Structures are given as C-alpha cells and as structure tokens.
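What follows is one structure encoded as structure tokens, with my remarks underneath.
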Amino acid sequence: MLRAKIKKEKKYYLLPSIITYTNMLLGILAIWLSCTLEIKSISISCILIIFAAVTDKIDGFVARKLNMTSKFGKELDSLCDLVSFGLAPIMIWWNINHGYFRIMEVIISLLFIGAGVFRLARYNIEEDNDYIKGLPITIAGGIVVSKHFIDINYRFQSKLLLFNEDIIMLTLLSIFMVSRIRIKKP
C-alpha cells in the first residue's frame, strides 16, 4: 500500500525575517556612510553596527518566542551577520586608515572575513544546542567597531610602521572565531 507523504509547507516567517533584514540594512548603511571618509560619518557607522547587534539579538528572541524558528531563518541570519559584522567593520577600518597599511590591510581583512565565514558555516551545521564553538562574529564585529568608535571620539590613534593594535586585535579575533573554544549558550 502506498502512503501519501504530506509535504510540510515551508514557512518563511515575516516578522523575524524583517528584523533580520534590518540588521543587514544597518550594516549596508554603515558601509555606505563610512565610505564618505568623514570622521562624523564613520562614527555614525560604528553606532549603526552596534544597533545591528541589537537587532541580531532581537530577531532570534522573537523567532523563539513566537515559535517561528526555521532553517531558512538561521541561514538568512548568518548571511546578514556576515554583512553587518564581517564586511562592515572591515570597511570602516579601511576607511579610517585610508590605505595606510596597504597589503597588510588586505591580508588581515581576508583573515577576519574568512574566519567569520568559517564561524558562521560551522554554526549552521552544529548539532550541540548547549554550547557555541568559537567566538560569534556578532561579538567580534561589535568589538571592532566599539574600538573604532572609542578611537575616533576619545583618543588619538598612533600608526606604527607595520603593526598597530587594530591589526593585532583583528588577528586575535579571527583566531578566536575559528577556535574550538566552547561558550555556554545563555
């Protein structure tokens, strides 16, 4: 006897997705504003990324509370996080430095974004619901833009010939993202 298989209707829940897209929109606006190369605009870009981190937290919370979680939502969230917390902080860093570090900026940028991509891909296939492996890209990107905001508004950043604290910070954050450090989920 043949059994009819009922295909489960795919649902792409609107409210969590809108919040997730808001995260991405804030990241894109941050990139665009930082490209003006004006200090005030770069400072606003940093603030937009912090707001993107808040929306990133809210979208997951809303999806869980309304029982609207889905694989689609998880993938969408990761792609939007890559824009807001991988690409945007690096673009802000580039626009602050005005190409001062030349090839070193490219290498460190590839390292940071590559580590973020790796971290997000690993997160999407993880089965462990109690622990997160590696530093989340949201936290790494938030640290980067917070430091830039402090540098812009509260201190003078000195530039060394090859290395400065930003290069060291981005390298360490990249290592932490791909590490197997386990963080207990809240």
In segment 74-94, what residues are more than 17 Å from residue 142 (Cα to Cα) and not charged (D, E, K, R)?
76
Where the second residue is in a loop (DSSP other than H, G, I, E, B) and crowded, with 19+ Cβ neighbours inside 10 Å and the first is on the phi < 0 side of the Ramachandran plot and lies in segment 80-102, which pairs have Cβ atoms under 9 Å and are six or more apart or on separate chains?
81/136; 85/136
Restrict the check to segment 113-134 and report whether at least one residue is open to solvent by 70 Å² or more (accessible area, probe 1.4 Å), in contact with a helix residue (DSSP H, G or I) (Cβ under 6 Å, 6 or more places away or on another chain) and assigned to a helix (DSSP H, G or I).
yes
Return the pair list, or none, for Cβ contacts closer than 7 Å from residues in segment 135-155 that are outside any helix (DSSP H, G or I) to residues that are open to solvent by less than 10 Å² (accessible area, probe 1.4 Å) and of a type in the set (Ser, Thr, Tyr), at least 6 apart or on different chains.
none
Could you say whether any residue in segment 85-96 is in contact with an Asp or Glu (Cβ under 8 Å, 6 or more places away or on another chain) and aliphatic (A, V, I, L, M)?
yes
Breaking point among (1) within 13 Å of the chain's Cα centre (by Cα); (2) more than 24 Å from residue 29 (Cβ to Cβ); (3) open to solvent by less than 20 Å² (accessible area, probe 1.4 Å), for residue 140:
(2)
Filter result for residue 112 (over 29 Å from residue 75 (Cβ atoms) and among the hydrophobic types (A, V, I, L, M, F, W, C))
no
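Name the residue, out of 70, 109, that is within 23 Å of residue 125 (Cα to Cα), touching a Phe, Trp or Tyr at 6+ places or on another chain (Cβ under 8 Å) and not hydrophobic (A, V, I, L, M, F, W, C).
Values: 109 fails: within 23 Å of residue 125 (Cα to Cα).
None of the other options fit; the residue is 70.
The values are calculated or read from the model by the stated rules, or taken from the named source; none is laboratory data. Everything numeric in this text was worked out from a predicted model, so none of it was measured. FYI the Cβ positions are ideal-geometry reconstructions off the backbone, even for glycines, and counts take in every protein chain you see. Just so you know, the surface numbers come from the protein's heavy atoms only, side chains and all, with ligands and any DNA or RNA stripped out. Shrake-Rupley method; radii C 1.70, N 1.55, O 1.52, S 1.80 Å.
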